[in-house]
Each structure stands twice: as structure tokens, then as C-alpha cells.
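Participant: Sharing a structure with you now.
The values are calculated or read from the model by the stated rules, or taken from the named source; none is laboratory data. Model, not experiment: these values are computed from the prediction. For neighbour counting, all protein chains shown are included, and Cβ atoms are generated from backbone atoms with ideal geometry for every residue, glycine included. Heads up: the accessible areas ignore ligands, DNA and RNA and are worked out on the full protein's heavy atoms, side chains in. Shrake-Rupley method; radii C 1.70, N 1.55, O 1.52, S 1.80 Å.
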Amino acid sequence: MEPGLVAPARPLPTAPPVQVERLRAVIEDARLPPAERSAAALVLLDAHSSRERWRSLVRDADLVSRLDLPRHEGRLPAEQAAWLRLSALRNLNQWDAVLGDGPAFLRTYPDSALAPAVDSLVRSTVISRASVEQGRREMQAELRKEEEEAAREIARLEGLGQPTEDVRRSLDFRRCDLPGTGRFYPEALAPCRAFIANWGAGNTSQELNEYRDARGLEIASLVALRRYTEARERFAAFLASDPEGEQRTRSRAIVMGIPAEAEE
């Protein structure tokens, strides 16, 4: 699990996928006993959390929060919905939403047993966001420096009438590698794909390894962006076409680590 991501606080019951719509129907049916609706709400929220179905968790937490359901086995559905919604938002890297909704939770439920966890989540989000933003600025500064150096070298070689492909290839790889190895995956995906398409496996062992690394970073980026179907397809293609290259990367572990029911 990446640092700062939120894990459930305790083992949670789950519901088979076929029950999700039934549970939603129970929750919304005002004719049913409130206790039954509360139990259904908690089971549904817990199931989403344990399966890492963060977008469904946000949606159904909003549904539960709008209802005035009674406590069930010591837990108030609206309070649990607000907490689990925060954890889902954090796992979706929706920083601003966490920093807005976290203090709102503390105002609404100041005496909640979950208040310390919410406070900790808000504080860690502030720190994580600042760290990520600082790291991104440093990565971008390093990339600009390398682009400037490459531009000077390309100009020098062109002035001498010499080829520039090696410099251009190396720069394109760094445009993929710097954000990818820094885990700035939204910035890595497009340049990694461009490198793979434009340069291929190359002619030397170093160029081949760079190509393999770019394929691994493409897959890691897709997983981080929750484009799971695409990631699995790209991994299968990588494995089929270059099994030795796949072993150089962590692509297998990354793809196999996708929870079976995780949402895209």
C-alpha cells in the first residue's frame, strides 16, 4: 500500500456483487424497518471499502448520509458514511475534497470515536500533498535542465553536420523515466507511450533495456491511474512479445496486485 493511503480500521463484512443493488433498494425503501435499512447501509459501505471500490463508496456514502438512519450495533450509518467517504476520497487522491470534508466531519461529529482518525487523515493529507507537490516541482526542474542540455547538444551536433538521434532518444526516455520512477504517473504515461511508439527496442542492450523500462512504466502508470483493463492488456502484450523484458520490470507484481473487484 502506498504511504498515506487509508486501510479499513477493522475486518469488514462483505457482500457478493449480486447483492449490491438489493442492498441499495433496502436502504432506500422507507417502508422497511429503520434497523434493517441501517444494517444494509453498513454492510454495503463496508463491502465497498474492503473491495477498494472507492467511487462506488463515495456514491453510496452520499446516499446514506442523506438518510436519517438509526444506530446499528453501535455504529451510526451517516457517521460511518462520512468517515468511509473521506477514506475513499483520500485513496482517489482528491486532496481538496478531503481537506474540505474532514473539518466538516469534525464539526458535525466532534465527540465521535472516529474524530482522531479523521484528524490524522486530514493532517497526513496536508503533508502528503505538500510532499508530492514539492517532488513534482523538483522533477519538472530536473527535466527542464536536461531538456536545455539536450537542446544545446543537438544544436552543436547539427552545426557539425552530425546525427542527433541518440540525444533525442535519450531525452525522450528521460521524459518517461523521470516522472515514472518518481511515481508522477499522470505525467509519465504520455511520454512513455510516445517513447515506445517512436523509438522501439533500439539497436543496443542499453536501448533495449530503456524500451523495456518504458513499457514497465507505462503499465505502472495505467494501474496508478486505475485504468486496470488497459493495464492488464498491455501487460499481456509485453509478456507475450518479450518475456525476458517483462522480468526486468515489476509489471507482473503490479498487475497481479490489482484487487479483483477494484473499480476503474
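Participant: From the Cα gyration tensor of the range 163-257, with a ≥ b ≥ c the square roots of its eigenvalues, which class applies: rounded if a/c is under 1.5, or else prolate if a/b is larger than b/c, or else oblate?
Facilitator: oblate
Participant: While we're here: Once both axes come from the Cα atoms, what is the angle between helix 34-50 and the longest principal axis of the chain, in degrees from 0 to 90, rounded to 10?
Facilitator: The answer is roughly 20 degrees.
Participant: According to the square roots a ≥ b ≥ c of the eigenvalues of the Cα gyration tensor, what is the shape class of the range 126-199, taking rounded for a/c under 1.5, prolate for a/b larger than b/c otherwise, and oblate for the remainder?
Facilitator: Oblate, because a/c is 1.5 or more while a/b does not exceed b/c.
Participant: Just to confirm, what accessible area per residue do you get for the chain at 1.4 Å probe, in whole Å²?
Facilitator: Here the per-residue accessible area is 54 Å².
Participant: Based on DSSP H runs of at least 4 residues, each adding -39500 (n - 2.57), what is the mean residue ellipticity at 222 nm of the chain after dividing by all its residues, to the nearest 500 deg cm²/dmol?
Facilitator: That calculation yields -24000 deg cm²/dmol at 222 nm.
Participant: Sticking with this one: So, counting K/R as plus one and D/E as minus one, what does the shell of residues with Cβ under 14 Å around residue 130 add up to?
Facilitator: +1
Participant: Follow-up question, since we're still on this one. Just to confirm my numbers, what's the Cα centroid distance between the range 74-118 and the range 44-58 in Å?
Facilitator: The range 74-118 and the range 44-58 have Cα centres spaced 14 Å from each other.
Participant: Further, regarding this structure: In angstroms, what radius of gyration and Dmax does the range 17-126 have, counting Cα atoms only?
Facilitator: Rg then Dmax for the range 17-126, in Å: 13.6, 43.
Participant: Find how much the distance from residue 126 to residue 253 grows on full extension, using 0.36 nm per residue of separation minus their present alpha carbon separation; answer in nm with one decimal.
Facilitator: Length gained, residue 126 through residue 253: 42.7 nm.
Participant: Between 135, 216, 102, which gets the highest mean-square fluctuation from a Gaussian network model of the chain, Cα cutoff 10 Å?
Facilitator: Fluctuation is largest for 135.
Participant: Taking the range 196-244, which trypsin sites (Lys or Arg not before Pro) meet the DSSP loop condition and have no more than 13 other C-beta atoms within 10 Å?
Facilitator: Within the range 196-244, no trypsin sites (Lys or Arg not before Pro) qualify (loop, at most 13 other Cβ atoms within 10 Å).
Participant: How much length is gained if the chain between residue 108 and residue 242 is pulled fully straight, taking 0.36 nm per residue apart and subtracting their Cα-Cα distance, in nm to one decimal?
Facilitator: Extra length from residue 108 to residue 242 when fully extended: 42.7 nm.
Participant: Moving to a separate point now. With the full set of protein chains in place, find how many percent of the accessible area of the range 147-237 is carbon and sulfur; take the probe as 1.4 Å.
Facilitator: The C+S portion of the solvent-accessible surface of the range 147-237 is 48 percent.
Participant: Still on this structure, please answer the following. Just checking my list [x] 17.7, 53; [y] 23.7, 84; [z] 18.5, 55 against Rg and Dmax of the Cα atoms in Å computed from this structure; which label fits?
Facilitator: Here Rg and Dmax of the Cα atoms in Å agrees with entry [y].
Participant: Sticking with this structure for a sec: Can you give me the angle between helix 185-199 and the longest principal axis of the chain, using Cα atoms only, in degrees from 0 to 90, rounded to the nearest 10?
Facilitator: 30
Participant: Still on this structure, I have one more. Which value, in Å² and to the nearest 10, is the accessible area of residue 160 when all protein chains are kept and the probe is 1.4 Å?
Facilitator: 100
Participant: Across the range 224-230, in residue order, what do the Karplus-derived ³J(HN,Hα) couplings come to in whole Hz, using 6.51 cos²θ - 1.76 cosθ + 1.60 with θ = phi - 60° and x for Gly and Pro?
Facilitator: My calculation for the range 224-230 gives 4, 8, 6, 9, 5, 4, 5 Hz in order.
Participant: Each residue of the range 144-149 in order: what ³J(HN,Hα) in whole Hz does its phi give by Karplus 6.51 cos²θ - 1.76 cosθ + 1.60, θ = phi - 60°, with x for Gly and Pro?
Facilitator: These are the phi-based 3J(HN,Hα) values: 4, 4, 5, 5, 5, 5 Hz.
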